[in-house]
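The values are calculated or read from the model by the stated rules, or taken from the named source; none is laboratory data. Bear in mind that the values here come from a model prediction, so they are computed numbers and not experimental data. Neighbour counts run over all protein chains shown; Cβ positions are idealised from the backbone, glycine included.
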Protein chains: 2
Amino acid sequence: MAKPLNDLSQLCMHTITTKPWPIEKAAHEFSEAGIGGITVWRDALTGRNIRETGTMLRGLNLEIVSLCRGGFFSADTVADRQKAIDDNLHAIDEAFDLGAPLVVLVCGATPGQALSESRKQIQEGISACLEHAAAAEIKLAIEPLHPMYAGDRSAINTLEQANNMAEAIRSPWVGVALDVYHLWWDPNLEAQIKRCGQNGNLSAFHICDWKTPTTDMLNDRGLMGEGCIDIKLIRTWVEESGFNGFYEAEIFSNLYWNEDQDAFLQKIKQAYLKYS
Amino acid sequence: MAKPLNDLSQLCMHTITTKPWPIEKAAHEFSEAGIGGITVWRDALTGRNIRETGTMLRGLNLEIVSLCRGGFFSADTVADRQKAIDDNLHAIDEAFDLGAPLVVLVCGATPGQALSESRKQIQEGISACLEHAAAAEIKLAIEPLHPMYAGDRSAINTLEQANNMAEAIRSPWVGVALDVYHLWWDPNLEAQIKRCGQNGNLSAFHICDWKTPTTDMLNDRGLMGEGCIDIKLIRTWVEESGFNGFYEAEIFSNLYWNEDQDAFLQKIKQAYLKYS
């Protein structure tokens, strides 16, 4: 059984979830609501002093959970792969300045290239960032993406693959991010969560829901409880694996972004307490 | 290495691929082109005498490869599950009348119901059809569907799951249908094709391509060669597993359905010879 959720202290909001709000407004609202954490998307930092933004967030009693996102390591040419590595080194610097302990990686896939080759390039890319990550004490979390993104966004599509890669790299600065949206369908999920926890690699837990029908492959995620994912069951497995971090609401939704964001935040709070 | 394809004798067209054509027109065009096989979707039989349609197809030297589709076994109530079984028994009768040796199953998933429960209902549903299938000598092929359909179309989403279920049922009248669109991303695909072939369960092989970006979750499939699936590589594994049946072009595409179907068929022929 999942632990009862009685308040919002373990909820972390992704800035992209309330995308229409600038980070200052979002942080103020999250803090007012008693939400405990925030994950910052890099686009939310555009035009800001990153250190000062980190100070502002901590001043509002928000724990900075992670920076989203690095990755996209695979590419056709050595030069482009180096560009990706450079961007990830930069993301590590941004996380350091912000005071975020974790960078989430959407690992990448290159259309027309074998997935096995993309995976090799991803592993090489992450490895090339390790020294910098260790120096900054920033963890990199491999996030497996739903197989519908295998064509162009991620060649890592199951928790088993993420576990394999994290274990192959074997560094205290590499972990795994688990998003129920990407992995809920996998019959091996429970076993792979257990494995991930046992190896100390479970570093982030993202929640939302899968709607039927889903009308947009990227931006039609559902509020918790609105779709067919048994989030409580998956959270039970996650907690049993030893994870005691934040439950991160990451909801890309054209539908909700077009709504009044105050009302949307109310819905998120209720859905979190009831269905997560 | 995949066998070279020098003619269209091993190509099977799904009637839905050229959906704007009535089956009579489609069959004539396929036959004229030297295409060897046809898989008939049930909607193409509406208003026809099924036996006469079978005779017509054989008269055009088209081998009737399968009937699409049965399945959708999961449901909330016993009555609805019985309705699904009855429909599958009817599909077996239709296949018998048509002279198709195989019925492809899109197994079903019920939103809000645990996938494990839907899988149990699927297995019970197939089992309930076995006696009728054996009497008619019609094989039922479990088709795993892409995980993006796990919410409402199929709780069987990997070849491993289809293999598990086919082996659990263990009947000469149950096999597996492999569609590259659904399974191309799976890192365990080669091993599971081998397993499927060794157990004599590989009963159908469907081809098309996965486009990036994919703009519609159902009806934006690509022509072979147009996307990121290495069809030749998968065909190599399929042939090595002992499969020597048809290569079935099953392309749902609003884009191509809106084109001139003669021109589309030309493209399919070329794409088949070059990229399959």
*Looking at this structure, is A:Pro147 within 14 Å of another protein chain (Cβ to nearest Cβ) and not acidic (Asp, Glu)?*
yes
*Starting from the range B:245-261, keep only residues that are at pLDDT below 95, then list their pairs with residues that are not basic (Lys, Arg) whose Cβ atoms are within a distance under 8 Å, requiring at least 6 positions of separation or different chains.*
none
_Consider the range B:104-141. How many of its residues are away from chain A (no Cβ under 11 Å) and not in a helix (DSSP H, G or I)?_
10
*In the list B:Asn199, B:Asn188, B:Asn164, which residue meets the criterion of being within 11 Å of chain A (Cβ to nearest Cβ), more than 18 Å from the chain's Cα centre (by Cα) and farther than 25 Å from A:Pro111 by Cβ?*
B:Asn164
*Counted residues, the range A:202-223 - those being part of a loop (DSSP other than H, G, I, E, B), in contact with a Phe, Trp or Tyr (Cβ under 8 Å, 6 or more places away or on another chain) and either of a type in the set (Ser, Thr, Tyr) or more than 14 Å from chain B (Cβ to nearest Cβ) (or both)*: 1
*How many residues are touching a Cys at 6+ places or on another chain (Cβ under 6 Å) and assigned to a helix (DSSP H, G or I) if we restrict to the range A:11-55?*
0
*So B:Asp262 clears everything in (1) within 22 Å of B:Gly37 (Cβ to Cβ); (2) in a loop (DSSP other than H, G, I, E, B) except one condition, right? Which one?*
(2)
*What is the one condition in (1) crowded, with 23+ Cβ neighbours inside 10 Å; (2) within 14 Å of chain B (Cβ to nearest Cβ); (3) part of a helix (DSSP H, G or I) that A:Ile229 does not satisfy?*
(3)
*asked:* Name the single residue that is nearest to A:Leu265 (Cα to Cα) among those in the range A:27-73 being among the basic types (Lys, Arg) and touching a Lys or Arg at 6+ places or on another chain (Cβ under 9 Å).
replied: A:Arg42
_Where the second residue is assigned to a loop (DSSP other than H, G, I, E, B) and among the small types (Gly, Ala, Ser) and the first is at negative phi and buried (at least 19 other Cβ atoms within 10 Å of the Cβ) and lies in the range A:40-51, which pairs have Cβ atoms under 8 Å and are six or more apart or on separate chains?_
A:Val40/A:Ala100
*Sole exception among (1) in contact with a helix residue (DSSP H, G or I) (Cβ under 7 Å, 6 or more places away or on another chain); (2) under 18 Å from B:Ser118 (Cα atoms) for B:Leu67, by number*: (2)
_Every residue from the range A:250-265 that is closer than 17 Å to A:Ala27 by Cβ and among the aromatic types (Phe, Trp, Tyr)_ = A:Phe264
*Within the range A:104-135, how many residues turn out to be buried (at least 17 other Cβ atoms within 10 Å of the Cβ), in contact with a Phe, Trp or Tyr (Cβ under 8 Å, 6 or more places away or on another chain) and more than 29 Å from B:Pro147 (Cβ to Cβ)?*
1
_Can you say whether A:Phe243 is away from every other protein chain (no Cβ under 13 Å), touching a Gly at 6+ places or on another chain (Cβ under 7 Å) and not basic (Lys, Arg), as far as the supplied structure shows?_
yes
*Tally the residues that are within 19 Å of A:Ile92 (Cβ to Cβ) and assigned to a helix (DSSP H, G or I), restricting the search to the range A:56-68.*
1
*asked:* Looking only at the range A:142-185, filter to residues that are assigned to a strand (DSSP E or B) and touching a helix residue (DSSP H, G or I) at 6+ places or on another chain (Cβ under 9 Å); which one of those is nearest to B:Trp184 (Cα to Cα)?
replied: A:Ser154
*Consider A:Asp93 carefully, then state whether it is farther than 24 Å from A:Leu218 by Cα and part of a helix (DSSP H, G or I).*
yes
_Any pair with Cβ under 6 angstrom, 6 or more apart, that starts in the range B:84-103 at a residue that is of a type in the set (D, E, K, R) and ends at one that is in a helix (DSSP H, G or I)_ = B:Glu94/B:Ile50; B:Asp97/B:Ile50; B:Asp97/B:Arg51
*Select from the range A:71-88 the residues that are more than 18 Å from the chain's Cα centre (by Cα) and in a helix (DSSP H, G or I) and list them in ascending order.*
A:Val78, A:Ala79, A:Asp80, A:Arg81, A:Gln82, A:Lys83, A:Ala84, A:Ile85, A:Asp86
_Can you find a residue that is at pLDDT 95 or above, more than 14 Å from chain A (Cβ to nearest Cβ) and buried (at least 24 other Cβ atoms within 10 Å of the Cβ) anywhere in the range B:77-87?_
no
